[in-house]
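> One structure follows; several queries about it will come next.
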Amino acid sequence: MKLGFEDANLHKGKILFSATDINFTYDKQPLWKKPLSFEIISGERIALKGSNGSGKTSLIKIILGKLTPQTGSVYKANKQAIYIDQEYSLLDDKLTVYEQAQQYNTGALQEHEIKIRLTWFLFDKEHWNKPCKALSGGERMRLLLCCLTISNTPPDIIVLDEPTNNLDIINTEILTTAVNQYKGTLIVVSHDAYFLEEIGINRSIELLKLS
C-alpha cells in the first residue's frame, strides 16, 4: 500500500545538521559527560538513545533550532523539520478530521483527493466530521501521518518520540509502512527494538549524562 511519502523529492547525502563539541548547561552543570560531535546527513535513519534525564529532549530542541548549546558550535542547513511527540500535539483539537487534513493541503488537492488519502489511513466518511479531540492515540498518529502525505512539501527531517507507545498492532504496522516510504531523514527515540529494526535504523547517537 502506497501512502504518499514515496514521491518525496529529497536529496540524499546533504549535511542537514552538524555539531562540534557541544554541551548544554543546567544549573551550571553540563548535561553530557562528553561534548557531542556528530553530523546528520539527508536520508539517514538515526536512533537517539539514552536513559531518562540524559538530555534527549534537549538535543532534539538543539537540532530543531529551538535551543542553543552554551559550548561548541552547530551548523543547520535551511530545512523543514517536524517533531512528532507522544500526544501528536501538531493536531488542532478544535478542527474536525477533514478540516485538519485540509490545513496541510499545500498542493491544492481537490476535496475527493483529500478524502481518498484519509481513507488510506482508515478514516472513512463516518470519521471526516469527527473532532480531533475525540480521536484515540492511534487515530491521532494516523491522522498526522496522513496530513504529512497531503502536504506538497514533505519535511526534510521527522523526529519521532516513542512513536509505538500505546499503539496496537494495526496502527504500528501503518506507522511502519508510512515511515518506510518516507525518503527524508528520520530521528527516532524508542525502546522498541523490533520497530527500530523494521524501519531500517542504520546508526545511533547515545547520550551519556554527567552523573
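Since every read-out is calculated from the coordinates, none of them should be taken as a lab result. Remember, it's a predicted structure, so these values are computed and weren't measured experimentally. Cβ coordinates were reconstructed from backbone atoms using ideal geometry, including for glycine residues, and neighbour counts include every protein chain displayed.
> Out of the residues in segment 105-124 meeting the condition of being outside any loop (DSSP other than H, G, I, E, B) and either among the aliphatic types (A, V, I, L, M) or in contact with a Leu (Cβ under 9 Å, 6 or more places away or on another chain) (or both), tell me which one is surrounded by the most Cβ atoms within 10 Å (Cβ to Cβ).
Across segment 105-124, the extreme among qualifying residues is L118.
> Failed condition for I22, given (1) crowded, with 16+ Cβ neighbours inside 10 Å; (2) out of contact with any Gly (no Cβ under 8 Å at 6 or more places or on another chain); (3) assigned to a strand (DSSP E or B); (4) free of Cβ contacts under 8 Å to residues at least 60 places away in the same chain, with all others met?
It is condition (2) that I22 fails.
> Here's something else I'd like to know. Return the total of residues in segment 72-104 being hydroxyl-bearing (S, T, Y), loosely packed, with under 15 Cβ neighbours inside 10 Å, out of contact with any Ser or Thr (no Cβ under 8 Å at 6 or more places or on another chain) and under 28 Å from L208 (Cβ atoms).
0
> Could you go through segment 139-155 and let me know if any residue there is under 25 Å from K14 (Cβ atoms), under 11 Å from the mean Cα position of the chain (by Cα) and among the β-branched types (V, I, T).
Within segment 139-155, not a single residue is under 25 Å from K14 (Cβ atoms), under 11 Å from the mean Cα position of the chain (by Cα) and among the β-branched types (V, I, T).
> Take the residues of segment 178-198 that are in a loop (DSSP other than H, G, I, E, B) and among the small types (G, A, S): which is surrounded by the most Cβ atoms within 10 Å (Cβ to Cβ)?
Filtering first and then ranking leaves G184.
> Write out, first by first residue and then by second, each pair whose Cβ atoms fall under 6 Å of each other, whose residues are 6+ apart or on separate chains, and whose first residue, in segment 50-77, is assigned to a strand (DSSP E or B) while the second is among the hydrophobic types (A, V, I, L, M, F, W, C).
That search, which allows pairs on different chains as well, returns G72/I22; V74/A19; K76/F17.
> Take segment 119-159 and flag every residue that is within 14 Å of Y104 (Cβ to Cβ) and in contact with an Asp or Glu (Cβ under 6 Å, 6 or more places away or on another chain).
Of everything in segment 119-159, just one residue is within 14 Å of Y104 (Cβ to Cβ) and in contact with an Asp or Glu (Cβ under 6 Å, 6 or more places away or on another chain), namely C132.
> Can you pull out every residue in segment 125-158 that is part of a loop (DSSP other than H, G, I, E, B) and under 18 Å from E173 (Cα atoms)?
Selection gives S136 alone.
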